[in-house]
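Q: For reference, the structure I am asking about is given below.
The values are calculated or read from the model by the stated rules, or taken from the named source; none is laboratory data. Please read these numbers as outputs of a predicted model, since none were measured by experiment. Here the Cβ positions follow ideal geometry from the backbone for every residue, glycine too, while neighbour counts run over all protein chains shown.
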Amino acid sequence: MVRQFIDPELRSAVEQRPSFDMWADIATTRMLYQQGILARTQHVPLLEQVPFADHLIPSCDDDTQVRVRVYRPTELDSSAPAMLWIHGGGYVLGSIDIEVPMTQRLAMAAGCSIVAVEYRLAPEHPFPTPLNDCYTALAWMFQQASQLQIDPQRIAIAGISAGGGLAAALALMARERGEFKPLFQLLLCPMLDDRNQQPSTHFELQGISWSREDNRSGWEAYLGGQFSESLPSYAVPARAPDLSALPPTYIAVGGLDLFLDEDLAYARRLMEAQVSTELHVFPGAFHGFEFIAPEARVSKRAHYLMSDILCHAFNRVQCN
């Protein structure tokens, strides 16, 4: 039923989607996932004007180290805005190594440095480890702002899918701890609610994008068998009772996304809590469309809005 409503320019991406049981062998799934993304981006040239370098930073949670990748356009001045980027993948997939072209272009478009965090994945590392890794990266950005040549007053947090859920959770954690204050949060089709009860979670999405069954398995992996009701409120952002005093927010989601209703509900609650919030729903678009089919007109519009909103948040006069 859903297929007939997909934007025509996005349909070919659905037809090329490989069919396999992603939960049968998570190691194989991770390999196939990364190969699929790399195949889509292999002909995209890297941008020489956006060099990047990796750093290992001590975890705030244990004795391990967290890998981050810092992108910095050469045109930036000595105190530029910056953004923490958190990749997607249902809490179980993804890596900063497969997002280089996309992250370079986002840094150029928004005119900022980007720190991408390689958080540890569930089910091997359930909550709170992935979120603590993200907090480690955020703390490092604030603490090393001078060395990174970024403005600590203009640090945003952003993510897509599970990364959007982690970004929302990170904003809640930062508010609770009171150590650092992000300027803005940009949430792209964020994965926010473990309950799987909203009407859009019943969309027939098997073989198209992230499905109801995938969602249940992803949350079970992330929560590690723990009951969300007994966890801190930021474990599952949609369950947080109070959304006040959070940073200004942009939420974007496709009209055919499993997360549509939970994202709409979260945006509404943010506005009710007097948080400056902008919401955009893209008709005919499925989960992660803007990166799965970046050349489609709806994807280009999504990318433009994202960079324009970031430029505005950073108080820049003109986007690139």
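Q: Residues of the range 81-94 being modelled with pLDDT under 95 and under 18 Å from Asp54 (Cα atoms), which ones?
A: Gly94, the sole residue that qualifies.
Q: Does Ser200 satisfy being within 19 Å of the chain's Cα centre (by Cα) and farther than 22 Å from Glu124 by Cα? Quick ask: steps written out before the conclusion?
A: Values: within 19 Å of the chain's Cα centre (by Cα): no; farther than 22 Å from Glu124 by Cα: yes.
So Ser200 fails the test.
Q: Out of Glu75, Glu9, Glu15, which single residue is at pLDDT 90 or above and loosely packed, with under 15 Cβ neighbours inside 10 Å?
A: The conditions single out Glu75.
Q: Next question, about the same structure. Restricting the search to the range 232-261, which residues are in a strand (DSSP E or B) and among the aliphatic types (A, V, I, L, M)?
A: Residues of the range 232-261 in a strand (DSSP E or B): 249-254.
Matches in the range 232-261: Ile251, Ala252, Val253.
Q: Condition (residue is hydrophobic (A, V, I, L, M, F, W, C), in contact with a strand residue (DSSP E or B) (Cβ under 9 Å, 6 or more places away or on another chain) and in a loop (DSSP other than H, G, I, E, B)) applied to the range 171-181: is it met by at least one residue? Spell out the reasoning first.
A: Pass one, the range 171-181, residues hydrophobic (A, V, I, L, M, F, W, C): 171-174, 180.
Remaining after also requiring in contact with a strand residue (DSSP E or B) (Cβ under 9 Å, 6 or more places away or on another chain): 171, 174, 180.
Now narrow it down to the ones that are in a loop (DSSP other than H, G, I, E, B): 180.
Looking for residues that are hydrophobic (A, V, I, L, M, F, W, C), in contact with a strand residue (DSSP E or B) (Cβ under 9 Å, 6 or more places away or on another chain) and in a loop (DSSP other than H, G, I, E, B), one finds at least one in the range 171-181, hence yes.
Q: Can you confirm whether Leu256 is farther than 26 Å from Phe127 by Cβ, of a type in the set (A, V, I, L, M) and buried (at least 21 other Cβ atoms within 10 Å of the Cβ)? Spell out the reasoning first.
A: On the way: farther than 26 Å from Phe127 by Cβ: yes; of a type in the set (A, V, I, L, M): yes; buried (at least 21 other Cβ atoms within 10 Å of the Cβ): yes.
Yes: the conditions hold for Leu256.
Q: Now a separate question. What are the pairs with Cβ atoms under 8 angstrom where one residue, in the range 262-283, is part of a helix (DSSP H, G or I) and the other, located anywhere, is of a type in the set (Ser, Thr, Tyr)? Sequence gap at least six, or different chains.
A: So the pair list comes out as Glu262/Ser200; Glu262/Thr201; Ala267/Thr249; Ala267/Thr277; Leu270/Thr249; Leu270/Thr277; Met271/Thr277.
Q: For residues in the range 170-199 being farther than 29 Å from Phe289 by Cα and not charged (D, E, K, R), which is surrounded by the most Cβ atoms within 10 Å (Cβ to Cβ)? Give the derivation first.
A: Let us first name the residues in the range 170-199 that are farther than 29 Å from Phe289 by Cα, namely 174-181.
This time we only want the ones that are not charged (D, E, K, R), so: 174, 178, 180.
On the way: Ala174: 23, Gly178: 7, Phe180: 18.
Going through the qualifying residues, I end up with Ala174.
Q: Next question. If the requirement is being aliphatic (A, V, I, L, M), buried (at least 24 other Cβ atoms within 10 Å of the Cβ) and part of a helix (DSSP H, G or I), which of these qualifies: Met102, Met108, Met141? Please lay out each step first, then the result.
A: Numbers: Met102 fails: buried (at least 24 other Cβ atoms within 10 Å of the Cβ); Met108 fails: buried (at least 24 other Cβ atoms within 10 Å of the Cβ).
Within the list Met102, Met108, Met141, the selection yields Met141.
Q: Out of Ile57, Ile26, Ile37, report the one residue that is under 20 Å from Gln206 (Cα atoms) and more than 20 Å from the chain's Cα centre (by Cα). Even if it seems obvious, please write down each step before you answer.
A: On the way: Ile57 fails: under 20 Å from Gln206 (Cα atoms); Ile37 fails: more than 20 Å from the chain's Cα centre (by Cα).
Within the list Ile57, Ile26, Ile37, the selection yields Ile26.
Q: Could you please find all residues in the range 63-76 being assigned to a loop (DSSP other than H, G, I, E, B) and either basic (Lys, Arg) or touching a residue at least 60 places away in the same chain (Cβ under 8 Å) (or both)?
A: Here is the first cut: in the range 63-76, the ones assigned to a loop (DSSP other than H, G, I, E, B) are 63-64, 72-76.
Arg72, Leu76 - these are the residues of the range 63-76 that are assigned to a loop (DSSP other than H, G, I, E, B) and either basic (Lys, Arg) or touching a residue at least 60 places away in the same chain (Cβ under 8 Å) (or both).
Q: Pick from the range 284-302 the residues that are part of a loop (DSSP other than H, G, I, E, B) and of a type in the set (Gly, Ala, Ser): which of them is surrounded by the most Cβ atoms within 10 Å (Cβ to Cβ)? Spell out how you get there, then give the answer.
A: In the first step, residues of the range 284-302 are kept if they are part of a loop (DSSP other than H, G, I, E, B); the result is 284-288, 293-296.
Of the ones still in play, those that are also of a type in the set (Gly, Ala, Ser) are 284-285, 288, 293, 296.
Working: Gly284: 17, Ala285: 30, Gly288: 19, Ala293: 22, Ala296: 21.
For the range 284-302, the residue satisfying everything is Ala285.
Q: In the range 182-207, how many are part of a loop (DSSP other than H, G, I, E, B) and on the phi < 0 side of the Ramachandran plot? Steps first, please.
A: To start, the set of residues in the range 182-207 that are part of a loop (DSSP other than H, G, I, E, B) comprises 182-183, 189-198, 203-207.
Checking which are on the phi < 0 side of the Ramachandran plot leaves us with 182-183, 190-195, 197-198, 203-206.
The total comes to 14.
Q: Counting just the residues of the range 192-217 that are touching an Asp or Glu at 6+ places or on another chain (Cβ under 9 Å) and over 20 Å from Ala265 (Cα atoms), which one comes out modelled with the lowest pLDDT?
A: Among those that are touching an Asp or Glu at 6+ places or on another chain (Cβ under 9 Å) and over 20 Å from Ala265 (Cα atoms), it is Gln206.
Q: Now for a separate question. So in the range 114-138, with the set limited to residues that are of a type outside the set (A, V, I, L, M, F, W, C) and part of a helix (DSSP H, G or I), which one is surrounded by the most Cβ atoms within 10 Å (Cβ to Cβ)? Before the answer, list the steps.
A: First, pick out the residues of the range 114-138 that are of a type outside the set (A, V, I, L, M, F, W, C): 118-120, 123-126, 128-130, 132-133, 135-136.
Going one step further and asking which of them are part of a helix (DSSP H, G or I), we end up with 129-130, 132-133, 135-136.
Working: Thr129: 20, Pro130: 24, Asn132: 20, Asp133: 28, Tyr135: 26, Thr136: 22.
Selected residue: Asp133.
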